[in-house]
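Asker: Got a structure for you, questions after.
Each value in this text was obtained by applying a stated rule to the coordinates, not by laboratory testing. Bear in mind the structure is a predicted one, so any value in this text is a computation, not a measurement. Neighbour counts are summed over all protein chains in view; Cβ atoms, including those assigned to glycine, are modelled from backbone coordinates with ideal geometry.
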Amino acid sequence: MMARVWGNNDWPDATYERQETLFGDIRVKSPNDRVIGAYRQRLRDAGFAHVPEPIPMRNSTNAAIYYLFFCSPKPVAAGIVEDIFNSYR
């Protein structure tokens, strides 16, 4: 399922990092900003020229549960969405 969302099978490289421990190499979750950056780049690679910084959608304890992305080939649409996103930041 993640390959369909991501667009290819490269998603584990962006979402997990290798970490050396006493017991050998393990895979740990990458920080959110790294995953967000990689996904924004995938959207750009897919042909969307304008991908504003996403906005985190938070629950009642202020934890980010997902990030709302917007992408468009039109700069005017991206500008409108950036204004909306910035009003919620």
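Asker: Quick check: pseudo-label points 7 Å beyond the Cα along Cα→Cβ at Val35 and Leu68, how many nm apart are they?
Answerer: 1.9
Asker: Right, something else. Determine the dipole magnitude for the chain: charges of +1 sit on the beta-carbon of Lys and Arg, -1 on that of Asp and Glu, nothing else is charged, the reference point is the Cα centre, and the result goes in debye to the nearest 20.
Answerer: That gives the chain a dipole magnitude of about 220 debye.
Asker: Find out how many positive minus negative residues lie around Ile55, taking Lys and Arg as positive, Asp and Glu as negative, among other residues whose Cβ is under 14 Å from that of Ile55.
Answerer: Charge balance near Ile55 sits at -1.
Asker: Here's another thing I want to ask about it. For helix 75-88, report the angle its Cα long axis makes with the longest principal axis of the Cα atoms of the chain; keep it between 0 and 90° and round to the nearest 10°.
Answerer: The angle comes out at about 70 degrees.
Asker: Karplus couplings for the stretch 53-65 from phi (6.51 cos²θ - 1.76 cosθ + 1.60, θ = phi - 60°), rounded to Hz, Gly and Pro as x?
Answerer: 4, x, 10, x, 9, 10, 8, 5, 9, 6, 8, 6, 9
Asker: Follow-up. Can you divide the C-alpha Rg of the stretch 2-88 by 2.2 N^0.38 Å and report the result to two decimal places?
Answerer: Normalised by 2.2 N^0.38 Å, the Cα Rg of the stretch 2-88 equals 1.30.
Asker: Same structure, new question: Quick one: angle between helix 32-45 and the longest Cα principal axis of the chain, in degrees between 0 and 90, rounded to 10, please.
Answerer: Rounded to the nearest ten degrees, it is 60.
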